[in-house]
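Chemist: Got a structure for you, written out below as structure tokens; questions coming shortly.
Values quoted throughout were computed directly from the atomic coordinates according to the rules given, and no laboratory measurement underlies them. Keep in mind that what you see is a predicted model, and the values were worked out from it rather than measured. Glycine gets a Cβ as well: all are built from the backbone with ideal geometry, and neighbour counts include every protein chain shown.
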Amino acid sequence: MPETIILLCLCTCPDAASAQRLAETLVGERLAACVNRLPGVSSTYRWQDKVQTDGEELLLIKTTVERFEALKARVLTLHPYELPELIALPVERGHATYLDWVRTHSID
């Protein structure tokens, strides 16, 4: 039986309060095992035909492929942006015991 795939999801938030609220909700509802918040991210992007630069917080969200759709639905519901960034990358390698912990703590 193949092991459950772990995902590292990236999501930016406009401020510390929304980032903390999202992190606590995702972990509290067992949609993620762990969320790291990285403040002080500077993002430059095109929005509505204008180039903008804003300060954001980056969330590093650890979850499983099975929990991703529920996690995505929750992010889209709670996030203050009209079009939130949510990118999921498969974790190819890592400390096996930690990856098992993520699997264990991302199940309902």
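Chemist: What residue among Arg21, Arg93, Arg74 has the largest mean-square fluctuation in a Gaussian network model of the chain, using Cα springs under 10 Å?
Modeler: Arg93
Chemist: Moving on to the next point. Would you mind ranking Leu83, Leu76, Leu26 so that the residue whose beta carbon has the fewest other beta carbons within 10 Å leads the list?
Modeler: Details: Leu83 8, Leu76 12, Leu26 27.
Least to most surrounded, the residues fall as Leu83, Leu76, Leu26.
Chemist: Please compute the modelled spin-label separation between Ser42 and Ile5, points set 7 Å along Cα→Cβ, answer in nm with one decimal.
Modeler: 3.5 nm
Chemist: Continuing with this model, one more query. Whole angstrom only: what separates the Cα centroid of segment 1-27 from the Cα centroid of segment 58-104?
Modeler: Taking the Cα centre of segment 58-104 as reference, the centre of segment 1-27 is 5 Å away.
Chemist: Using 0.36 nm times the number of residues separating Glu66 and Asp49, minus their current alpha carbon distance, what extension gain do you get?
Modeler: 2.5 nm
Chemist: Related question: Arrange the following residues from fewest to most other Cβ atoms within 10 Å of their Cβ: Ser106, Ser42, Ser18. Don't skip to the end; give the middle numbers.
Modeler: Details: Ser106 26, Ser42 8, Ser18 18.
Lowest count first: Ser42, Ser18, Ser106.
Chemist: Continuing with this model, one more query. Based only on the alpha carbon positions, what is the Kirkwood hydrodynamic radius of segment 36-78, in angstrom? Before the final figure, lay out the partial values.
Modeler: Values: mean 1/r = 0.0798 Å⁻¹.
Computed over segment 36-78, the radius equals 12.5 Å.
Chemist: Would you mind ranking Trp47, Trp101 by Cβ crowding within 10 Å, fewest neighbours first?
Modeler: Working: Trp47 11, Trp101 14.
Fewest-to-most Cβ neighbours within 10 Å comes out as Trp47, Trp101.
Chemist: Please report, in Å, the Rg and the Dmax of the chain, where both are computed over Cα atoms only.
Modeler: 14.4, 49
Chemist: Return the distance in nm (one decimal) between the two label points of a simple spin-label model at Ile87 and Ala16, each offset 7 Å from Cα along Cα→Cβ.
Modeler: 2.6 nm
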